[in-house]
Amino acid sequence: MRIEVMIELLTPRKLVVRIILAAGALAVVMFICSLVGTESVSLKAVFGAADEEAPVNPDYEIFVRVRLPRIILATIVGGALACSGVVFQALLRNPLADPYILGISSGCGLGATIVVISGLNWTLWGRSPIAVFAFAGALGTVWLVWFVGRLTGKFHVTGLLLAGVVINAFFSAVIMFLTSIAKAEHVYATIFWLMGNMTEEDFLTLWLGAGFVVGGTTVLFYISPQLNALSFGEEDAKSMGINTARTRTIAFGVAAAITAIAVSLSGLIGFVGLVIPHGVRLVFGPDHRQLLPLSGIVGAIFLVVADTVARIIVAPAQLPVGVVTAIVGGPFFLVLLVKYSRKVSWLK
Amino acid sequence: MNKWWWLLLIIFCWTAAGFAIFGSIQHQNGGDTTLPRAAERIVCMAPNLTEIVFALGLEKEIIGVTLDSDYPPAALTKLKVGTFWQPNIEAVIAAKPDLVITLGFEQQKNIAERLKRIGYNSLTMNIEKVKELFEALEKIGAATGKQRRANELEYDLRKKLNNLSVLVSTNDRIKVLWVVQREPLRVAGRDTFINEMIELAGGENAIGSTVHKYPPIGAEQVIVCGAEVIIEPAMKHDDPAKQQASALQYWSRFKKLPAVANKRIYVIQDDTVSRLGPRLYEGTETIARCLKPELFAN
């Protein structure tokens, strides 16, 4: 498919309608999922005037302080991971790329592991040191990979990928070393964090997280025409008069930043950033102006549903959400792949 | 470049608005651990905490436990609020507790902090050493208005342990290899409460001090450690007799090891020795019986 054809296919009206429909679906899913849980909560009791008689209103606390924040968190994280997955796949021109491919996972994993094992105990604006270290570890690793990648040549995709893979492996080895000398409880705590750890956050954190993720996505959406060109190759993009180096730096930096925010909020949740962009691309086509917002919304829907499943399926206990995303996402993606791949030239 | 500045400004305003709206709420209702009165609805997030609270005579007050709390039997009838590793905060809140007791490491501390943020009282205990068990007894006793009972328990426990150590104390301490897992081989190191129990029971850890708490060891270390007794705690649902047989077979490869040569390999029930709680004495006695069976012959 030529780039001109692709761009003609997507009229602004079509795009807006699709985004509104997807956002509506997200709202419906969030509402339904907020009513599902191990404890039954009645909306009447939540917003009813139970305050006078009883000093505590468990319905209110479960719904507003636990379930709602968790659903909002899933929305933010799902959207961030799916969007940055789109960007990494376009930048690296590699269908296997996901937000973690350049070492973010092991970097933030290492940060979290260090905190858990050393038993650090302080808070920064109410955030546990795990989130802070995970964020710093993620950004630090991305910077390192980017730096090494540059040394291999001016934006050499292969160099960048190899640097990412090797740094990932190296940090994973450090994580394994640390967990092997740690106490059993610490090892378990780390493993749960590495499998994705969705808990309710306070509203300030959610507010800030949402602000940065939406801000970052806006930037990415703004440069999505350039991403379109880039995904067709360096030469094509240059011939269209695009400053490829600048586009790449912006896209790379912003995608890495929103991924770092997502992992510092919820641990490592795999699969969302890989499967959702592909799924959306297979169904709706490869134009990034549409792929980016739709992937963000679909990623949010997917993670909200997956997290709801994780909350209830082994009640009264809970599963790490990463387990659910992989188990649900894998087969679903395979179905999409078989059904739609003949229509799309991108994967060939 | 103008538009980027606009975006930056919007994000900045958004952040400022967030602090303005939510910044003050955050510190409003952090639950403190000192209650005005004794707790009446208690939730315990770990099996050994459940045992402690039951031992304090709070059978009526305890309303929620984790799935793995199986002792005393009355704990099985209590409301379940998730597992030790994956607690369910919704279930905890639905139980309307006025005190939630957790252990001190990440997964557990985390739920205590989240509950505090919502306004629930919680008590976080580090119980990794025998000394800390006694401290926890006192603190939980104080928080639940059962100081007297806690002091009695502590006194009783100390007395029994003392008597035991007088009974077993000889100059030759028996070298014990405490096997946590066979493949790969992992044993209890010196910096563990198991080590303390072994010493209280008149033994000595066959493994010297290590970086690891529960070091994985190779065949070489097994051969040189000179263990006179090998103890394997049996997993709860496994058949001890079966594990005993497989243990004998596994260890037969180290024929020179005194424990193997003298057939002193013991598989014991793990619940009293895997959690540090009020049944500390029972666990220690079980170990002592393995080390010096002649003292308990009567």
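Sort B:Phe84, B:Phe105, A:Phe170 by Cβ crowding within 10 Å, fewest neighbours at the top. It would help to have the intermediate numbers written out before the result.
Details: B:Phe84 22, B:Phe105 19, A:Phe170 14.
Taking fewest neighbouring Cβ atoms as first place, the list is A:Phe170, B:Phe105, B:Phe84.
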Longest to shortest principal axis, alpha-carbon extents of chain A, angstrom: 72, 51, 36
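Is there a simple number for the mean count of other chain Cβ atoms within 10 Å of the Cβ of residues in A:197-203, and what is it?
Shielding by partners across A:197-203 averages 4.
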25 Å tail of the calculated P(r), segment B:170-296, as % of Cα pairs: 16 percent
Would you mind checking the tilt of helix A:104-118 against the longest principal axis of the Cα atoms of chain A, expressed as 0 to 90 degrees and rounded to 10? 30 degrees
Whichever lysines have a C-alpha closer than 30 Å to that of A:Lys238, once near sequence neighbours (fewer than 8 apart) are set aside: A:Lys14, A:Lys154, A:Lys343, A:Lys348, B:Lys3
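With charges set only on the Cβ (+1 for Lys and Arg, -1 for Asp and Glu), what does the dipole of the protein assembly as shown come to about its Cα centre, in debye to the nearest 20?
Details: 60 positive and 52 negative charges, 341 e Å.
Dipole about the Cα centre, nearest 20: 1640 debye.
DSSP loop (so not H, G, I, E, B), at most 16 other Cβ within 10 Å: list which GluC sites (Glu not before Pro) in segment B:42-102 pass both filters. Kindly include the intermediate steps, with their values, before the conclusion.
Values: sites: B:Glu51, B:Glu59, B:Glu61, B:Glu90; in loops: B:Glu59, B:Glu61.
Hits after loop and neighbour filter: B:Glu59.
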What is the antiparallel percent of DSSP beta bridges lying wholly in the protein assembly as shown, to the nearest 5? 20 percent
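Over all distinct alpha-carbon pairs, what is the Kirkwood Rh of the protein assembly as shown in angstrom? Before the final figure, lay out the partial values.
Details: mean 1/r = 0.0364 Å⁻¹.
The Cα-based Kirkwood calculation yields 27.5 Å.
To the nearest 20 debye, what charge dipole does chain B have about its Cα centre, counting +1 at the Cβ of each Lys and Arg and -1 at the Cβ of each Asp and Glu? Please list the in-between numbers first.
Details: 37 positive and 34 negative charges, 51 e Å.
My answer is approximately 240 debye.
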Sorting B:Cys44, A:Cys33, A:Cys83 on the 10 Å Cβ count, fewest up front, what's the list? A:Cys33, B:Cys44, A:Cys83
Under a 5 Å amide H to amide H cut-off, with H placed in plane at 1.01 Å, what residues pair with B:Asn205 once short-range neighbours are removed? B:Val176
Please list, in order along segment A:28-39, the HN-Hα scalar couplings obtained from phi with the Karplus expression 6.51 cos²θ - 1.76 cosθ + 1.60 (θ = phi - 60°), rounded to whole Hz, x for Gly and Pro. 4, 4, 4, 5, 4, 5, 6, 8, 9, x, 5, 9
Which translational diffusion coefficient, to the nearest whole µm²/s, is obtained for segment B:42-147 from the Stokes-Einstein equation, given a Kirkwood hydrodynamic radius over C-alpha pairs, 25 °C and 0.890 mPa s? 184 µm²/s
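For peptide A:308-317, compute the average count of partner chain beta-carbon atoms within 10 Å of each residue's beta-carbon.
Numbers: counts 0, 0, 1, 2, 2, 0, 5, 5, 14, 13.
If you average over the peptide's residues, the count of other-chain Cβ atoms is 4.
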Whose amide H sits under 5 Å from the amide H of B:Leu58, counting only residues 5 or more places off or on another chain, with H placed in the peptide plane? none
Considering only B:Trp5, B:Thr77, B:Val176, whose Cα is most displaced toward the positive end of the charge dipole of chain B, charges sitting on Cβ of Lys, Arg (+1) and Asp, Glu (-1)? B:Trp5
Inverse of <1/r> over all distinct C-alpha pairs of segment B:234-277, i.e. the Kirkwood Rh in Å, gives 11.5 Å
Derived scalar couplings ³J(HN,Hα) [segment B:111-121; Karplus, 6.51 cos²θ - 1.76 cosθ + 1.60; whole Hz; x for Gly, Pro]: 5, 4, 5, 4, 5, 4, 4, 7, x, 9, 7
Residues whose placed amide H lies under 5 Å from that of B:Gly189, excluding near-sequence neighbours: B:Tyr214
Kindly flag which residue pairs out of B:Lys242/B:Lys292; A:Lys183/B:Lys159; B:Lys131/B:Lys160; B:Lys263/B:Lys292; B:Lys109/B:Lys139; B:Lys129/B:Lys242 have an alpha-carbon separation exceeding 22 Å in this structure. B:Lys242/B:Lys292; A:Lys183/B:Lys159; B:Lys129/B:Lys242
What ³J(HN,Hα) values, in whole Hz, does the Karplus curve 6.51 cos²θ - 1.76 cosθ + 1.60 give for segment A:165-175 when θ = phi - 60°, with x put for Gly and Pro? 5, 5, 5, 4, 4, 5, 5, 4, 5, 5, 4
Projected onto the charge dipole of the protein assembly as shown (unit charges on the beta-carbon of Lys, Arg, Asp and Glu, signs +1, +1, -1, -1), the Cα from A:Gly103, B:Leu257, B:Gly141 with the largest positive-side position is that of A:Gly103
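What shape does segment A:64-170 have by the C-alpha gyration tensor, where a ≥ b ≥ c are the square roots of the eigenvalues, rounded means a/c under 1.5, and otherwise prolate means a/b greater than b/c and oblate the rest?
Numbers: a/c = 3.02, a/b = 1.47, b/c = 2.05.
It is oblate, given that a/c is not under 1.5 and a/b is not larger than b/c.
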Per Stokes-Einstein, at 10 °C and 1.306 mPa s, what whole-number D in µm² s⁻¹ belongs to chain B, with the Kirkwood radius over Cα pairs as the hydrodynamic radius? 73 µm²/s
Helix A:184-194 versus the longest principal axis of chain A: what is the Cα-based angle in degrees, 0 to 90, to the nearest 10? 50 degrees
What do you get for the angle between helix A:244-266 and the principal long axis of chain A? Use alpha-carbon atoms, 0 to 90 degrees, nearest ten. 20 degrees
Of A:Ala138, A:Ala251, A:Leu81, whose Cα points farthest to the positive end of the dipole of the protein assembly as shown (charges on the beta-carbon: +1 Lys, Arg; -1 Asp, Glu; origin at the Cα centre)? A:Ala251
Averaged across B:107-114, how many Cβ atoms of other chains sit within 10 Å of each residue's Cβ atom? 4
In debye to the nearest 20, the charge dipole size for segment B:170-296, taken about the Cα centre with +1 at each Lys and Arg Cβ and -1 at each Asp and Glu Cβ, equals 320 debye
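Can you put B:Leu56, A:Leu10 in order, fewest other beta carbons within 10 Å first?
Numbers: B:Leu56 24, A:Leu10 16.
Ascending number of Cβ neighbours within 10 Å: A:Leu10, B:Leu56.
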Kindly provide the helix-only [θ] at 222 nm of chain A, computed as the sum of -39,500 (n - 2.57) over DSSP H runs of four or more divided by all residues, to the nearest 500 deg cm²/dmol? -24000 deg cm²/dmol
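Read the figures in this text as sums done on the coordinates, not as results from a lab. None of the values given here were measured: they were computed from a predicted structure. Note: ideal-geometry Cβ built from the backbone for every residue, glycine included; neighbour counts use all protein chains shown.
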